[in-house]
Amino acid sequence: MIDPQSLTIKKLVDRLYKREISAVEVTETYLSTIAERDKDIGAYLSTEKESALGTAARIDMDLRDGREIGLMAGVPMAIKDNLLIKGRLATAGSQILKNYIASYDASVIRKLGVGGAIFLGKTNMDEFAMGSSTENSSFKPTKNPQDLERVPGGSSGGSAAAVAGDMALAALGSDTGGSIRQPASLCGVVGLKPTYGAVSRYGLIAMASSLDQIGPFTKTVEDAAIVFNAIAGHDPMDSTSNPFVSYGSDLLTPDFNKVKDLTIGIPEEYFGEGLDGEVASSMTSVISFFRSKGFKIKQVNMPHTRYGLSVYYIVMPAEASTNLARYEGVRYGVRGDAGSLKEIYFRNRGEGFGPEVKRRIVLGTFVLSAGYYDAYYLKAQKVRALVKHDFEEAFERVDVLLTPTAPTVAFKLGEKTQSPLEMYMSDILTIPANLAGIPAVSIPVRGREGKLPVGFQLMGRPWREADILGLGMYYEKN
Ligand code: GLN
């Protein structure tokens, strides 16, 4: 018997090795949960029954014949629809790509495939990853499995909901300003944004290239470490992936004696106005947990935090507007290429992009225009350096920073769709880590059974995923 609710990657792989369960059985269980639940939740845009069962059967055969199986063998996964799987649709939540079939595998997909992961399907997302609620998907909204009247967060809302609703054991998302951590927080699962350059972006439909990172959603921190370990590493196909870093054994099996030596910093600026009472009190409980276990806790100041959101909404649209220039109706588009060049552009981009995407293209084109480049884009780059500098200074005094992930719990569908600014505020606490390129994880606060989930965020030094995940595992197991 398989109970998806209590299953983790760790347990699954153990039980597969002991031959207590088969990969086919596991895959069938998840596929039938999807068939039953996803009508109401809407996490998936497409599912892959046959190929999933085919991969599972192969793994069972390997196990039976005593062949070596990969570290992700038999793990049923959901993949955000901006990641390419060869031969499958990859829409990025947009009408302009509604018929686009990927011609190659993203590097993360190739790695997970070699590891034996089973791909159940592609998940819903805000169009081109622009949004914080998955309501900007041009196909359908996704609901929060904990409360169907509420949003799952975004933009990787489908992936978060798939894991939270036991419709996948793990999922991949992408995080440009919080799109893994914020939905993880709102749905009550773990979400990791790795250090910029730790995971190859080859085969990820780009939003803002200097901020985007791919990362996992899982039910436990330990599982997040397992998936991260499987997807991290240098890739010649992505010139920003780091060739010099290799992760040690402390990533998967931290030594808690060393973890206990980590100093935790609490940046005052992350606990300001706009924080829900419930979020604030949950943070107090997490901080008291670490204090009661004897961790050193220090107050730190990060004075440029308050410019993070403004800087992000200049840098991100600038990069997105250039990345999205390729959807011109000739190579990618919805309405064919008849008429003059200008007509082709207008028709395809006019009909293919939704309102939020257009808003950001206009904003990005404006901040990059000759007359305004210095005043906005260049200025924003300088302030970005100051935000990064705040982290460098903080990490001279402490090893890890602890903050809330999102200022609120999951909000109601439709509650923020009329006010882009209010929606943008959802990411005020997650954006700085993207600007600085540092690793950050959102972990569900314990003891909130029956209430809406709240996540806390741990941010660490570049390449020190082992610190934040080690501390997270300590929280999980003590
Ligand atoms: N919600 C933020 C935005 O709309 C972050 C998106 C993301 O991380 N992809 O830009």
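The values are calculated or read from the model by the stated rules, or taken from the named source; none is laboratory data. Here the structure is a predicted model, which is why all the values come from computation and not from measurement. All Cβ positions, even for glycine, are placed from backbone atoms using ideal geometry, and neighbour counts span all protein chains on display.
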If you check 377, 345, which single one turns out to be assigned to a helix (DSSP H, G or I), of a type in the set (Ser, Thr, Tyr), out of contact with any Pro (no Cβ under 8 Å at 6 or more places or on another chain) and modelled with pLDDT of 95 or more?
-> 377
Hey, can you tell me all the residues within the stretch 248-278 that are of a type in the set (Val, Ile, Thr) and under 21 Å from residue 394 (Cβ atoms)?
-> 259, 263, 264, 266
Would you be able to tell me the number of residues in the stretch 211-263 that are touching a residue at least 24 places away in the same chain (Cβ under 8 Å), assigned to a helix (DSSP H, G or I) and more than 20 Å from the chain's Cα centre (by Cα)?
-> 4
Which of (1) closer than 30 Å to residue 140 by Cβ; (2) β-branched (Val, Ile, Thr); (3) touching a residue at least 60 places away in the same chain (Cβ under 8 Å) is the odd one out, the single condition residue 403 does not satisfy?
-> (1)
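Which of the residues that make up the stretch 150-170 are more than 15 Å from the ligand (Cβ to nearest atom) and either touching a strand residue (DSSP E or B) at 6+ places or on another chain (Cβ under 7 Å) or aliphatic (A, V, I, L, M) (or both)? Break it down into steps so the answer makes sense when it comes.
Kept after step one, since they are more than 15 Å from the ligand (Cβ to nearest atom), are these residues of the stretch 150-170: 150, 161-170.
Matches in the stretch 150-170: 150, 161, 162, 163, 164, 167, 168, 169, 170.
Matching residues to (1) within 16 Å of the ligand (Cβ to nearest atom); (2) closer than 24 Å to residue 426 by Cβ; (3) part of a loop (DSSP other than H, G, I, E, B); (4) not hydrophobic (A, V, I, L, M, F, W, C):
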{"site": "290", "(1), (2), (3), (4)": "no, no, no, no"}
{"site": "299", "(1), (2), (3), (4)": "no, no, no, yes"}
{"site": "310", "(1), (2), (3), (4)": "yes, yes, no, yes"}
{"site": "315", "(1), (2), (3), (4)": "yes, yes, no, no"}
{"site": "318", "(1), (2), (3), (4)": "yes, yes, no, no"}
{"site": "329", "(1), (2), (3), (4)": "no, no, yes, yes"}
{"site": "338", "(1), (2), (3), (4)": "no, no, yes, no"}
{"site": "350", "(1), (2), (3), (4)": "no, no, no, yes"}
{"site": "357", "(1), (2), (3), (4)": "yes, yes, no, no"}
Could you please let me know if residue 101 is under 23 Å from residue 41 (Cα atoms) and either in contact (Cβ under 8 Å) with a residue 24 or more places away in the chain or more than 17 Å from the chain's Cα centre (by Cα) (or both)?
-> no
Check the stretch 458-465 and report whether any residue there is crowded, with 24+ Cβ neighbours inside 10 Å and either in a helix (DSSP H, G or I) or touching a Lys or Arg at 6+ places or on another chain (Cβ under 9 Å) (or both).
-> yes
Of the numbered conditions (1) under 26 Å from residue 474 (Cα atoms); (2) surrounded by 15 or more Cβ atoms within 10 Å (Cβ to Cβ); (3) among the small types (Gly, Ala, Ser), residue 281 satisfies every one except a single condition; which is it?
-> (2)
Filter result (part of a helix (DSSP H, G or I), in contact with a Gly (Cβ under 6 Å, 6 or more places away or on another chain) and not hydrophobic (A, V, I, L, M, F, W, C)) within the stretch 26-73 | 37
